[in-house]
1. Just give me the residues in segment 6-42 being touching a Pro at 6+ places or on another chain (Cβ under 7 Å), within 17 Å of Ala146 (Cβ to Cβ) and not small (Gly, Ala, Ser), in sequence order.
2. Can you give me the number of residues within segment 43-91 that are closer than 15 Å to Val147 by Cα and in contact with a Pro (Cβ under 7 Å, 6 or more places away or on another chain)?
3. Evaluate segment 169-184: report whether one residue or more is in contact with a His (Cβ under 9 Å, 6 or more places away or on another chain) and either away from the ligand (no atom under 11 Å from the Cβ) or open to solvent by less than 50 Å² (accessible area, probe 1.4 Å) (or both).
4. Just to be sure, is Val53 touching a Ser or Thr at 6+ places or on another chain (Cβ under 7 Å), crowded, with 19+ Cβ neighbours inside 10 Å and closer than 16 Å to Met30 by Cα?
5. Could you please let me know if Thr132 is open to solvent by 20 Å² or more (accessible area, probe 1.4 Å) and within 13 Å of the ligand (Cβ to nearest atom)?
6. Looking at Phe4, Phe62 in this structure, which one is of a type outside the set (Asp, Glu), surrounded by 13 or more Cβ atoms within 10 Å (Cβ to Cβ) and farther than 16 Å from Leu137 by Cβ?
7. Just one of the numbered conditions (1) away from the ligand (no atom under 16 Å from the Cβ); (2) assigned to a helix (DSSP H, G or I) is not true of Asn65; which one?
8. Would you be able to say whether some residue in segment 26-35 is open to solvent by 30 Å² or more (accessible area, probe 1.4 Å), over 29 Å from Arg246 (Cβ atoms), in a loop (DSSP other than H, G, I, E, B) and out of contact with any Cys (no Cβ under 7 Å at 6 or more places or on another chain)?
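The values are calculated or read from the model by the stated rules, or taken from the named source; none is laboratory data. What you see is a predicted model, and the numbers here were worked out from it, not measured in a lab. All Cβ positions, even for glycine, are placed from backbone atoms using ideal geometry, and neighbour counts span all protein chains on display. With ligands, DNA and RNA removed, areas are computed over all heavy atoms of the protein, side chains included. Shrake-Rupley method; radii C 1.70, N 1.55, O 1.52, S 1.80 Å.
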Amino acid sequence: MQIFSELQALRQCIAAWRAAGQTIAFVPTMGNLHEGHASLIERARERGDKVVVSIYVNPLQFGLNEDWSKYPRTLEEDCAILRAKGVDALFTPTDAIMYPRGRENQTIVEVPALSNILCGASRPGHFRGVATVVAKLFNLVQPDIAVFGEKDFQQLMVIRQMVADLSVPVEIVGAETKRAEDGLALSSRNGYLTPEERAQAPVIYRALSQCAEALKSGERDFARLEEQANLMIEKVGLKPDYFKIRHGKDLHEPRAGDSYFVILAAAFLGRARLIDNVQVWI
Ligand code: PAF
């Protein structure tokens with residue numbers, strides 16, 4: 001695996017692959033890789049001749065009171081995982097490459113409508129940071145395909161919207177959420193949980209699954225289902241941030257006649273804010 005922290009060498013390598021007719025599949029990450037990332041890499045491998053992964057803990061998507069400085073940085077372990085997965089190139093850009101005039105002076109990408117609801121309401125500016133860094137990474141790496149996890153469902157929608165609105169020539173591929181045996185969605189933030197909290201955390205997926213079953217069996221009192229789920233999560237000791245049923249295509253408020261829903265949840269547990277979602281087709 002070739003490792004690049006400098007742009008010119010990365011560009012030369014990608015240009016040579018492209019000249020040889022090879023397609024580039026890209027997996028942007030913030031590192032601290034786990035099985036969830038491994039499955040994104042597998043999807044990328046299925047879709048591209050060469051797989052490029054980036055690791056950059058993007059300061060622009062963290063709020064002032066959030067965990068940017070404490071976010072786990074585990075480059076050595078990450079490299080071992082990437083090598084084992086047969087990744088062709090790792091890009092670890094510096095702040096100087098990403099935000100050459102400083103974060104405050106950075107040109108930003110704003111995806112309206114989708115960015116200020118759900119996670120965006122609790123984390124103002126978060127999706128602006130995500131859209132900006134992903135647009136920038138796309139311009140640096142210039143992939144044909146990019147893979148993102150469905151666990152971050154709203155993020156995936158924001159990126160799809162950004163790519164469509166700005167006519168970015170990158171195909172966005174969503175990869176199914178990887179779960180532990182007890183249903184907890186794999187996430188770097190699970191590492192913040194104590195053993196006791198780890199045992200509490202799967203209630204989020206249980207609540208999502210219960211709500212999905214209710215929708216499948218015809219229940220359409222969305223507010224009641226959301227309230228029930230919040231109570232279930234609270235009872236186990238988590239602090240719900242939101243639990244919402246939305247239309248799966250655009251995150252609009254759902255209507256009884258809809259045939260595609262997504263149920264999204266976020267909850268605080270100890271040092272972690274956990275998110276998850278389940279899609280429901282009727
Ligand atoms: O999902 C993530 O890890 C990050 O939000 C991303 C897409 C790499 C942008 O920093």
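1. Once the filter is applied, which keeps residues that are touching a Pro at 6+ places or on another chain (Cβ under 7 Å), within 17 Å of Ala146 (Cβ to Cβ) and not small (Gly, Ala, Ser), segment 6-42 yields Ile24, Phe26.
2. Here the count works out to 2.
3. yes
4. Answer is yes for this residue.
5. It is false that Thr132 is open to solvent by 20 Å² or more (accessible area, probe 1.4 Å) and within 13 Å of the ligand (Cβ to nearest atom).
6. After applying the criteria, what remains is Phe62.
7. If we test Asn65 against (1) away from the ligand (no atom under 16 Å from the Cβ); (2) assigned to a helix (DSSP H, G or I), just (2) comes out false.
8. no
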